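Here's the structure, in structure tokens; my notes come after.
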Amino acid sequence: MKKKSKNKSKLSRFRPQKRSFAVTGYAFLWLILFVIGIVFTQALRNPVSYVFMIIVLILPFTELAYTLIARASVSVGFSCGAGTVKKNEPVSFHIKIRNNSPLPVPFTEAEMVLPDADGLGSSSFVTAVPLNGFGSYDFSRSVSFPYKGEYECRVENVYVSGLLRFFRFKVRVGRSGKLLILPRRLQIEEIRDRYVGETSSVSSVPNSGADSAEITEIKEYQPGDPIRNIHWKLSGKAQELITKHFGSENGMNCCVIADAGAAYGEGFASDTHEHCEDAVCELALFAATSRIMHGRKTSLVFVDDREQRGTIIKKTFDYTQQLDSFVPLYAACRQRYAVPAAKLAGFADDGEENDVIYVTAQLDAETVSTLCDSVSTNRAVTVIYYVPTVKAENTAELEKQAEAFSAELTHGNIAVKTVFGQELI
């Protein structure tokens, strides 16, 4: 996820040193002056040459004292806004380097690690900071992060040189901060019907049959509903099916599986992996929240097997530790890592009824077959399929492929909710 910024500071002049003190290449000028002073003193034997030689001899000591004063006078202030923000929200960074002495310090350089302007990573750079007497240098940047994750911002060191730049001192600053960019919280009111389909359009409950107190929900039939819950809509004269969910002591369990293992190659943008991972995470959080609001016991499972398949990725988000800080409601979900989607049938606990919601950004024949095999009389399977059309060069082909997989899943009695890229922008 992190990438190296191409916009390097043009004022970078040297590679950062580990040493706290260094003699720079400008000290070579003093050696030239020293040789000239010796030649003039021996050849001319003039009082002016002696004065020149004395000045040359005390020059490095004066420069060293000046640099030490400048080193003690430089201070750094640093702020990077709130530690936790949502994706696409602007974050401001502010760095202030101040000279607390009346002596000018024109040759100061700061080594910083800041997020790139595009928000895709953090980069280290060194920039020149000229300071007048009692002057300051302000550096501000506002960045919007398109992807979730943890980003670093830090002022590592300030390098101070004197007027003649013979010596350089490194001032260790160590002011740092970390930004946790969280997924967006999708608005339930806006997309509940389109993505999850939990709302019921049938409000009447028949008096005959099962005790109405045991029925917790009646809704229109959708592919993927458990067979045991499907009934004829007797109140109507048309042959329509409805689904009844019956309450029990433990309630109906739901397992939301977020498969972040999408791996797209040629024909897609370089940041497609991060884009798909964010979309899957947001849709899975929405599905889990919706089930919790309906009183379901919900497990939230994150799957990412890209490393096992040889895909090079950089994990920037720890779901098990960082998700609880997003919204307290998600703490009701059991967050855990799991094996790849081929083990889908094992996600449901033995002896319990489970609805399975599988959220993915990539489908293949093997996954579709596994999903169809996981459908049983006591388990409903819903697939939320995110199609990254905004990152594809051939959008028509990707949409055609998505339609084919959706049709195959529907034929296997699985409810499919297809979400295209432009719908989450």
task: Search region 65-80 for residues being of a type outside the set (Gly, Ala, Ser) and buried (at least 16 other Cβ atoms within 10 Å of the Cβ), and hand back the single one that is nearest to the chain's Cα centre (by Cα).
output: CYS80
task: Check VAL303, VAL280 and return the single one that is under 16 Å from the mean Cα position of the chain (by Cα) and modelled with pLDDT of 50 or more.
output: VAL280
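Let's see how each residue does on (1) at pLDDT 70 or above; (2) under 30 Å from ILE69 (Cα atoms); (3) aromatic (Phe, Trp, Tyr):
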site	(1), (2), (3)
VAL129	yes, yes, no
PHE134	yes, yes, yes
VAL143	yes, no, no
PHE167	yes, yes, yes
ARG192	no, no, no
field: Members of region 115-149 that are under 19 Å from HIS273 (Cα atoms) and in contact with a Phe, Trp or Tyr (Cβ under 7 Å, 6 or more places away or on another chain)
entry: GLY119, SER122, PHE145, LYS148, GLY149
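Which residues, counting only those in region 379-425, are in a helix (DSSP H, G or I), charged (D, E, K, R) and within 24 Å of GLU274 (Cβ to Cβ)?
Across region 379-425, the qualifying residues are LYS391, GLU397, GLU399, GLU423.
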message: I'd like the residue in region 74-98 that is of a type in the set (A, V, I, L, M) and assigned to a strand (DSSP E or B) and, out of all such residues, is modelled with the lowest pLDDT.
response: VAL85
- request: For residues that are within 20 Å of the chain's Cα centre (by Cα), among the small types (Gly, Ala, Ser) and farther than 20 Å from GLY174 by Cα, tally how many sit in region 81-120.
  value: 2
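Residues are listed down the side, and each one gets a yes or a no for (1) closer than 30 Å to LEU179 by Cβ; (2) of a type in the set (Lys, Arg); (3) in contact (Cβ under 8 Å) with a residue 12 or more places away in the chain:
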{"site": "VAL48", "(1), (2), (3)": "no, no, no"}
{"site": "PHE52", "(1), (2), (3)": "no, no, yes"}
{"site": "THR84", "(1), (2), (3)": "yes, no, yes"}
{"site": "PHE93", "(1), (2), (3)": "yes, no, yes"}
{"site": "ASN99", "(1), (2), (3)": "yes, no, yes"}
{"site": "PRO104", "(1), (2), (3)": "no, no, yes"}
{"site": "GLU109", "(1), (2), (3)": "yes, no, yes"}
{"site": "ASP116", "(1), (2), (3)": "yes, no, yes"}
query: Which one of these does ALA404 not meet: (1) modelled with pLDDT of 85 or more; (2) under 24 Å from PHE286 (Cβ atoms); (3) more than 27 Å from the chain's Cα centre (by Cα)?
result: (2)
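Which residues, taken from region 255-280, are part of a helix (DSSP H, G or I) and either acidic (Asp, Glu) or crowded, with 24+ Cβ neighbours inside 10 Å (or both)?
So in region 255-280, the residues part of a helix (DSSP H, G or I) come out as 272-280.
Result: HIS273, GLU274, CYS276, GLU277, ASP278, ALA279, VAL280.
Report yes if ALA65 is at pLDDT 90 or above, part of a helix (DSSP H, G or I) and of a type in the set (A, V, I, L, M, F, W, C), otherwise no. Reasoning before the result, please.
Details: at pLDDT 90 or above: yes; part of a helix (DSSP H, G or I): yes; of a type in the set (A, V, I, L, M, F, W, C): yes.
The answer is yes for ALA65.
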Residue satisfying all of: in region 85-108; in contact with a Leu (Cβ under 9 Å, 6 or more places away or on another chain) and over 20 Å from GLU63 (Cβ atoms); surrounded by the fewest Cβ atoms within 10 Å (Cβ to Cβ) among these: LYS86
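Just wondering, is there one or more residues in region 337-358 that are part of a helix (DSSP H, G or I) and at pLDDT 80 or above?
If we filter region 337-358 for residues that are part of a helix (DSSP H, G or I), which is where we start, we get 341-347.
Next, from what is left, pick out any that are at pLDDT 80 or above: none.
Taking every residue of region 337-358 in turn, none turns out to be part of a helix (DSSP H, G or I) and at pLDDT 80 or above.
The values are calculated or read from the model by the stated rules, or taken from the named source; none is laboratory data. Predicted model only: the values in this text are computed from it and were never measured. No Cβ is skipped: glycine too gets one built from the backbone with ideal geometry, and neighbour counts run over all protein chains shown.
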